[in-house]
Amino acid sequence: MKTQVAIIGGGPSGLLLSQLLHTRGIDSVVLERKTKDYVLGRIRAGVLEQGLVALMEKAGCADRLHAEGIPHEGTWISYGDEMFRVDFTEHTGKLVMVYGQTELTSDLYKAREESGGKFEFNVEDVAIHSADTDAPHIDYIVAGEARRLDCDFIAGCDGFHGVSRQSIPLDVRKEYEKVYPFGWLGVLSETPPVNHELIYANSPRGFALCSMRNENLSRYYIQCSLSDKPDDWTDEAFWQELKRRIPVYQAETLVMGPSIEKSIAPLRSFVTEPMRWGNLFLCGDAAHIVPPTGAKGLNTAASDVNYLFDGLCDFYENASTDGIDTYSEKALARVWKAERFSWWFSSLMHTYPNQSEFDLKMQVAEIEYLRSCTSAQRSMAENYVGLPY
Ligand code: APR
Ligand code: PHB
């Protein structure tokens, strides 16, 4: 089989790129290790920057997002029983859209299916060859049968555990990583959200986040130990712990219900440089991971896709390599800023093991600064709604 752009990974990065390329008549094939249902079963954050919303519009996939997404013009930060609001719209003129990543991925699959998108699911043993030449190809196996995909370019959209990053020689690639000493225990429940905006809570018992998917579907998280297992936490224990970490008057109005999903995610900051090797380009989680505080994962993946899409259009439509030649540099410049924001916001909101009294005072001073200082709020708002592409 032959295509112009071979896309490894059918998560949001790969699908968005494939659909955008389709709008410009550029052919692609998506190779996905799992099934579509498996991909759509993964629960991830659900806060979209306007840049991502604009890309979904460009891809012709934004109708449901506009109908069902919930615009948020601000967020709440709580510390003990104090709570203050950071107003995105007042400070930046922008807002974010609350819409689950699962829904967005499902919209992209639907659009790709309706536009004749080419997929291979359940692919095994994907191996990238000759990525540093003008004639790369990918070998893989489906249902025991060996197949080959020839292409001009390879987009490595295969997440943190994919093969694309690993295919870049070690002497070319440099990785930067920070692993945090705690995880997030997340619960999805068919209950109305406790607040119509998100609450990021710093409490002496650890971080908590009150988020949502719609008016009858809430997503809550509490900071937990890395050794915890979801089954260690009964629903009752989860709700009681969440209530202790948010302001009393929010805890009093919290509607509890059975969890319909419960999972623990570790927190990590990770970047690999460069994001291009020859004709292989890394996008999204394949190249970088952020801790979920601030919901930058999907949004950073989207900005990579934006730069790569522009570069590929420039190549096919104008015979110019300028866009693809500057891809890694442009993508990384924005990635590092999102890494900084997620790291800062995580550091601000979590309880760290062996945190000294001085460090605790610094955290309180930083939160107090954010509460009382307009320019600090503006800076947070600018980053939260998303820095320009
Ligand atoms: N071959 C083919 N597909 C692969 C391979 C492989 N060797 N390895 C991984 N994949 C697939 C995974 O099964 C997954 O469906 O690549 C896809 C990668 O999807 P994501 O991990 O969702 O990554 P990405 O599309 O970059 O999306 C970034 O999703 O992971 C969240 O927090 C992240 O919100 C961010 C967004
Ligand atoms: C979520 O709704 O899952 C969510 C929202 C905001 C975050 C992280 C996760 O910062």
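The values are calculated or read from the model by the stated rules, or taken from the named source; none is laboratory data. Computed from a prediction, not measured in an experiment: that's the story for all the values here. Because the Cβ atoms are built from the backbone with ideal geometry, glycine has one as well, and the counts that use them run over all protein chains shown. Accessible surface areas use protein heavy atoms only, side chains included; no ligands, DNA or RNA. Shrake-Rupley method; radii C 1.70, N 1.55, O 1.52, S 1.80 Å.
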Across Gly46, Gly14, Gly25, the residue with the highest GNM fluctuation in the chain (Cα network, 10 Å cutoff) is Gly25
In the chain, whole DSSP H helices that both stretch 18 Å or further along their axis by alpha carbon positions and average at least -0.5 on the Kyte-Doolittle scale are 297-318, 327-349, 357-372
The aspartates and glutamates whose Cα lies under 16 Å from the Cα of Lys330, excluding any fewer than 8 residues away in the same chain, are Glu273, Asp304, Asp310, Asp314, Asp322, Glu339
Looking only at aspartates and glutamates whose Cα falls under 15 Å of Lys243's and that sit 8 or more positions away or on another chain, we get Asp81, Glu82, Asp235, Glu252
Taking a crude spin-label model, label points 7 Å out from Cα along the C-beta direction, the Ala146 to Tyr249 distance in nm is 6.9
Of every hundred units of 1.4 Å-probe accessible area on the chain, the number belonging to carbon and sulfur atoms, as a percent, is 51
Over 25 Å (Cα to Cα) among Lys262/Lys296; Lys178/Lys229; Lys2/Lys174; Lys94/Lys174; Lys2/Lys296 -> Lys2/Lys174; Lys94/Lys174; Lys2/Lys296
Taking a label point 7 Å from the Cα of Ala237 along Cα-to-Cβ, the residues of the stretch 178-205 whose backbone nitrogen sits under 16 Å from it are 183-187
For the stretch 1-149, the per residue accessible area (1.4 Å probe, Å²) is 43
Residues of the stretch 348-389 with backbone N under 19 Å of the label point set 7 Å from the Cα of Ala54 along Cα→Cβ are 381-389
Nearest-0.05 FRET efficiency for Thr326 and Val172 at R0 = 22 Å, using Cβ-Cβ distance, is 0.80
Among beta bridges assigned by DSSP with both residues in the chain, the antiparallel ones amount in percent, to the nearest 5, to 75
Projected onto the charge dipole of the chain (unit charges on the beta-carbon of Lys, Arg, Asp and Glu, signs +1, +1, -1, -1), the Cα from Thr253, Gln50, Thr92 with the largest positive-side position is that of Thr253
Checking rank on 136-142, 317-323, with mean other Cβ inside 10 Å and highest first, the result is 136-142, 317-323
With +1 at each Lys and Arg Cβ and -1 at each Asp and Glu Cβ, the charge dipole magnitude of the stretch 247-321 around its Cα centre, to the nearest 20 debye, comes out at 280
Restricting to Cα pairs under 8 Å and 6 or more apart, the percent relative contact order of the chain works out to 20
In terms of the charge dipole of the chain, which places +1 on Lys and Arg and -1 on Asp and Glu at the beta carbon, the residue among His350, Trp184, Tyr316 farthest towards the positive end is His350
Along the stretch 268-280, Karplus-curve 3J(HN,Hα) (6.51, -1.76, 1.60; θ = phi - 60°) to the nearest Hz, with x for Gly and Pro, reads 8, 10, 8, 9, 10, 10, x, 9, 9, 9, x, 9, 9
Quick calc, the stretch 160-199, dipole around Cα centre from Cβ unit charges on Lys, Arg (+) and Asp, Glu (-), nearest 20 debye, gives 240
For the stretch 5-132, percent of DSSP beta bridges that are antiparallel (nearest 5) comes out at 60
Taking alpha-carbon centroids only, the stretch 246-295 lies from the stretch 28-84 a number of Å equal to 12
If every Lys and Arg gets +1 and every Asp and Glu gets -1 at its Cβ, then about the Cα centre the stretch 38-184 yields a dipole, in debye to the nearest 20, of 100
Taking a crude spin-label model, label points 7 Å out from Cα along the C-beta direction, the Thr351 to Lys36 distance in nm is 4.5
Expected sort for 283-296, 78-91 on mean C-beta neighbours within 10 Å, highest first, is 283-296, 78-91
Probe 1.4 Å, heavy atoms of protein chains only: per residue, the accessible area of the stretch 184-342 in Å² is 36
Residue-normalised 222 nm signal for the chain, counting each DSSP H run of n ≥ 4 as -39,500 (n - 2.57), nearest 500 deg cm²/dmol, is -11500 deg cm²/dmol
Of 251-261, 300-310, 176-186, ordering from highest average Cβ density within 10 Å down gives 300-310, 176-186, 251-261
